[in-house]
Structures are given as C-alpha cells and as structure tokens.
Amino acid sequence: MGYSQDASEWAGVCGTSRQGEEVRSERGQAVREWYAIRSKPKKEATTATFLRHAGIEVYLPQIRVRKPASSSVGLEPFFPGYLFCRVDSSGPELSRVNYTPGVLYVLGYGNEPSPVPETLIAALQHRLNGKGSPYPTLKAGERVVITAGPLRGIEAIFAGHLSGNGRVQVLIQLLKRQCRTEVHLSQVRRVEQAVGKVLSVAS
C-alpha cells in the first residue's frame, strides 16, 4: 500500500492538474482535504464500505446505468476504479486508508499524497445532484441527435449502454445501411419530436 508515483494518473482521468502544497489553517494546523484513491477493480463500493467502517469520510460518485439486454437499472462508479476520501494527511487517517482492504494506493507525487481540489468534489456532487446520473435516461430505440464530435448534427437511434463510464452505442444511417458506432452519453440528446427518417451520413 502507498502512493502512486505520479498523480498525473488522476489528472488524466478527471482533467485536473497538480495543486500546491498541503493546505493549512492560519494556526499552522493541517486541515482535512480530499484525496483520490485507486481501488481494486470492481471493488469501489466494497472499499467505500470498509473505509466508512474505519471512520473515514468517503465520496463514491455513481451513475445509474441501464444494464445491457435488460430493463433494470443499476448504480456504477462514475470513475471506475476511483473514489475519494477526506482526511487530515498529517494524522493517522491516511495510514488507515492505505491499509484498508480494497485500497491499492492513494494518488500522489513521489511519496506525498496529492489533494484533490474541493471545487472538483463540489462540482461532482452538484452535477450528480443526488439523482445518480448527470446524463439523460435513454431507452433502446429512442431517436437522438449527436451534439459533438465528427458526427455532430447527425440523428441516430439509441441502441444501448456499453459501460458505467458513459459509453453508449447508437445506430446511424450510412450508405443506406444502419451502422453501429460508439459515443459518450454526454454527446447525445433525445429528439423529442423527430420527423421523417434518420439523417444519413451519406446518400
């Protein structure tokens, strides 16, 4: 157990960069900050439970995902393999985190843990808003329009969810055939009143 060698691993996941040194209060005492934890694969929720039992404040962002070939909806991690804990790194809490079952390491630089900005955690909590997903709930067969990327503006048919990190499959009309392609759920929106056929990429 320990710290990752380079917190740019987390920067690559959520788009953050390294922050300054540990934040301290006016009296020079360390304050509680958020840290990103790498968990064992598919063990995020179990790890979060163990951490809570150890008295650690935990945040595990989750989204509701419709399971493939099923009408049921389940919760999956918003960042597969990651969760957050809020601790005072100058005290014993961080050691308890490192030795908690399911924890691989706390992200950091060298031998020092690297705090995650409070604004990032607040933004995640606000975005998810307790509903479990920041994205629209779509069903197979619904018409959508792609809003970003090389297929922007093309109408498609929603085919289903592929993973908990937001990858979905849609059908587009290509050379008079329906072709499957993958996009992120944030790149599509429901077409409330579609008229006519799905737009073709090529006639």
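The values are calculated or read from the model by the stated rules, or taken from the named source; none is laboratory data. Since the model is a prediction, treat every value here as computed from it, not as a measurement. Cβ atoms come from the backbone with ideal geometry, glycine included; neighbour counts cover every protein chain shown.
Of note:
- Strands (runs of 3 or more DSSP E) lying entirely in segment 93-203 (those with 1 or more residues that are at pLDDT 80 or above and among the acidic types (Asp, Glu)): 155-161, 177-184
- Hey, Arg64 at pLDDT below 90 and in contact with a Ser or Thr (Cβ under 6 Å, 6 or more places away or on another chain) or not: yes
- Failed condition for Val31, given (1) more than 13 Å from Val106 (Cβ to Cβ); (2) modelled with pLDDT of 90 or more: (2)
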